[in-house]
Amino acid sequence: MRSKSKQVLLLWLEGFREACSLHRVVILCLRSRKLLLRTGQCFLLNGLIFLGSLGVFKWFIDPSLQWILPDQCSPLTSQEFCSYGGFYAFLRGGLLQLFYVFWFYPLYMLSFILSNIWYNDIAKHGFEAIEISDLNSAEALRQGEALASLNMANAERPSGLGGVMIGIGEQVYSILLLTFFFLEVCVVGVIPYIGKILNFLLLSWMYAYYCYEYKWNFSGISLKKRLDFFQSNWAFFAGFGSPCVLAIFFLSPLVSGALMAILFPLFVLTATGSGPEKLIGAPRRTWKCAGLGKLPIFYIADTLSHTVFLVILSSTDSCFSNFRAALRSSDTHAHGRRHAAANSKATDMKNTRFMLK
């Protein structure tokens, strides 16, 4: 038991160290101008505009409204002026809500949409920068072994339309899985006493999976292998996601969202440059976390996603069946109309010949 605990702690620290290897971000940005541009745009939108707006609001706008429309009266203020204190508080609260409704919330949605688009570009350019980088002989050998394992994994997926449909199905299932897991994180957070600890742990796993999912997508690794590898190496990924959560765990939702939008692409790039995913197709005994066993992190989310996915498939099959039945019915009616028209034309021709005679 003691050795297992020590192994968990060491792997957690290794994952934490991997996440904090931010020097990789600098190296990758120097190798790719496109990556540097996308990362700069992300910092400009989320750091300067969004987070800067929150700072201006907190340190300038809110205190100014407090001074112009005070709640309480100072000793030097007349009693007549003080009688409007309740109205001033109501007016100031309304103005503050207007700032949130017409500025912060639209800006948050804009940041969320653009950032998700840019995250994919950042991961793509980072992945390309790693592929074209100069590797030494030992790294090249390891890369070759990893690519061979990835080719074996890709060979399991059929080519052509079947492979495309499997890829689309995996993407839909992945969206369902992460959505249900996020809901699970929110529900766990309200449990008394241990809720915050469980919330921190589940958030660490969620952000770690998000960071590695980009590279796994570009590597063509199947969803089943991702989940199996992630749940079998849970200690490492718990450590990798911890810095992401520590940066936002004690902040307000808007501030934590802006800060995470700045930090997340950095952790995506550190995940892109790290090595655990190269061992997905390798024997499990080559990974140091092999003795800890598989932890069913996504069991609840996987069960719910599987149920919903089956409902979607059955509904889709029902729609296609109804569509095919409607097509067959319309073809039957059209054939009947054509047959009736032909019979009518033949009758008319017979009547014409009879009249001519």
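Over 20 Å between Cα atoms: which of LYS34/LYS124; LYS34/LYS215; LYS6/LYS224; LYS124/LYS224; LYS6/LYS294 fall into that group? Provide the component values of the computation, followed by the final result.
Numbers: LYS34/LYS124 10 Å; LYS34/LYS215 17 Å; LYS6/LYS224 29 Å; LYS124/LYS224 22 Å; LYS6/LYS294 17 Å.
Beyond 20 Å: LYS6/LYS224; LYS124/LYS224.
Modelled spin-label separation between GLU170 and VAL255, with each label point placed 7 Å from Cα along the Cα-to-Cβ direction: 4.1 nm.
Computed from the coordinates by the stated procedures, all read-outs in this text should not be read as laboratory data. The model shown is predicted, which means the values in this text are computed figures rather than measured ones. Counting neighbours? That spans all protein chains shown, and the Cβs are built from the backbone with ideal geometry, glycine included.
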